[in-house]
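Below is one structure, written out as structure tokens, with a few remarks after it.
The values are calculated or read from the model by the stated rules, or taken from the named source; none is laboratory data. Treat the numbers as computed from the prediction; the structure is a model and nothing was measured. Neighbour counts are summed over all protein chains in view; Cβ atoms, including those assigned to glycine, are modelled from backbone coordinates with ideal geometry. We work out accessible area using only protein heavy atoms, side chains counted, and drop any ligands, DNA or RNA first. Shrake-Rupley method; radii C 1.70, N 1.55, O 1.52, S 1.80 Å.
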Amino acid sequence: MDGNSNGADAHNAFLDCDLLIVGAGPVGLFAAYYAGFRGLKVAVVDALAEPGGQISAMYPEKLIFDIAGFPSVKGRDLVDGLLEQATRFDTRFLLGDRAQLLRPVALPGGRSEFEVVTANGASVRCGAVVVTAGIGAFAPRKLGAGDEFEGRGLAYFVPDPSEYANQDVVVVGGGDSAVDWALTLHPIARSVTLVHRRRTFRAHEASLVDLRATSVEIITDAQVAGVFGGPDVERVALTGPGVEDGRELPCRRLVAALGFVADLGPLRSWGLEIAHHRHLVVDSAMQTSVPGIFAAGDITEYPGKVRLIAVGFGEAATAVNNAAVFLNPEVELFPGHSTDAGPAAPAQSEMV
Ligand code: FAD
């Protein structure tokens, strides 16, 4: 990931920008690129510690076949490309933080701005907002054992599989993510064990067939009851009808792939028109019912809406260009072609 990391000053920070993007999923990342391309000063906030939204959370190892120009692209590679594109400009990323409150701020001369306050106490002042919050703020379902080892062997994402090389890995879960991660990690790890609390899996049958052809040990009807070590994870204890009582596994890396819960939560109180309790109603400029607040991607609703990444990319460009005009009515809606703009300045983006 490009950019510096200095999380210490991010919390209780005050940020000033032209445009705040709420959500660093694929659509938010493309909106960040586009806003940088338009010369706007941009901040992006996401509840998850990793950018990429649903792709990073649910299918980083899957191939996607309907992104224009890519006959097939792995989810993880698409997110990497979007990040590289988004961080070409001076963008500030607030990751692992959630946009909470929205307040209009009256300025002299009848103008107004917005202040968005995050769960970690950062205050972001901006002239406009693009909400790319997808299906809501994600939080991983917790393992319920060994939470204190998070970041010290216990992970809810696998951003960099190479960190798992030559390690004893235990993956917990029965869905596609758990099976995909077991499949991804087994060629490089010393050992991989998949632990699932039920006998049957929710993952695709084809992935399970692939998994059974590997050396991954599959333990069903079992749960992780205890995590031991210090300072990092060293072993886990299992419980359940599928294992003999007190069975322990060596474990240096524990991946809890138990799914994510998504919650529109605080966005409901922003005074925006909401359809079906979960989508923001937008017009053809991607503006919500509140002037200056735009939206793009899965969260939007209008007649004929199709929830696909390809559609979200187009909406992001529309939302950002209209936000640029909202911020400065003197500028053109059409941004010109990127081919005429030349290469961007070296990346200055900051990830916190
Ligand atoms: P999301 O990806 O949902 O990202 C939204 C981000 O906003 C999240 O990271 C969330 O944490 C953050 N957020 C929300 N609220 C807040 C808040 N208050 N504060 C801070 N952050 C917040 N689409 C395709 O086009 N092709 C496919 O092949 C395809 N396959 C898929 C396979 C699976 C298994 C799934 C689950 C989806 C698939 N999709 C596919 C759908 C695609 O992933 C979504 O359309 C896409 O992710 C939407 O992008 P987004 O940026 O709008 O929202």
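A count restricted to the range 123-144 and to residues that are within 16 Å of the ligand (Cβ to nearest atom) and modelled with pLDDT of 95 or more stands at 9.
Would you check if Phe37 is closer than 16 Å to Asp97 by Cβ and more than 9 Å from the ligand (Cβ to nearest atom)?
When the stated conditions are applied, Phe37 does not pass them.
Scan the range 246-304 residue by residue and report those that are of a type outside the set (A, V, I, L, M, F, W, C), closer than 30 Å to Ser191 by Cα and out of contact with any Leu (no Cβ under 9 Å at 6 or more places or on another chain). Correct list: Pro250, Arg252, Gly259. Against the definition (within 11 Å of the ligand (Cβ to nearest atom) and not basic (Lys, Arg)), how does Leu83 come out, yes or no? No, not satisfied. One residue stands out in the range 258-316 among those that are modelled with pLDDT of 95 or more and basic (Lys, Arg): the one that is most open to solvent (accessible area, probe 1.4 Å), namely Arg307. Counting only residues that are touching a helix residue (DSSP H, G or I) at 6+ places or on another chain (Cβ under 9 Å), closer than 25 Å to Gly144 by Cβ and open to solvent by 10 Å² or more (accessible area, probe 1.4 Å), the range 208-221 holds 2 of them. In the range 272-283, the residues that are assigned to a loop (DSSP other than H, G, I, E, B) form no Cβ pair under 6 Å with any partner that is buried (at least 18 other Cβ atoms within 10 Å of the Cβ) and basic (Lys, Arg), whether six or more places apart or across chains. State which residue is least open to solvent (accessible area, probe 1.4 Å) when the search covers only the range 36-55 and only residues that are at positive phi and part of a loop (DSSP other than H, G, I, E, B). Looking at the filtered set, the residue picked out is Gly52.
Mind counting the residues in the range 65-79 that are in contact with a Lys or Arg (Cβ under 8 Å, 6 or more places away or on another chain) and in a strand (DSSP E or B)? Reasoning before the result, please.
Keep residues of the range 65-79 that are in contact with a Lys or Arg (Cβ under 8 Å, 6 or more places away or on another chain), which gives 74-75.
Keeping just the survivors that are in a strand (DSSP E or B) gives 74.
Matching residues across the range 65-79 total 1.
If only one of Val325, Val243 is more than 16 Å from the ligand (Cβ to nearest atom), surrounded by 14 or more Cβ atoms within 10 Å (Cβ to Cβ) and within 29 Å of Pro140 (Cβ to Cβ), which one is it?
Working: Val325 fails: within 29 Å of Pro140 (Cβ to Cβ).
Exactly one residue qualifies, and that residue is Val243.
Annotation: of all residues in the range 189-206 being open to solvent by less than 60 Å² (accessible area, probe 1.4 Å) and at pLDDT 95 or above, the one that is nearest to Asp160 (Cα to Cα) is Ala189.
Only one residue in Gly96, Gly81 is at positive phi and open to solvent by less than 40 Å² (accessible area, probe 1.4 Å). Which one? Before you say what the answer is, go through the steps one by one.
On the way: Gly81 fails: at positive phi.
That would be Gly96, the only listed residue that is at positive phi and open to solvent by less than 40 Å² (accessible area, probe 1.4 Å).
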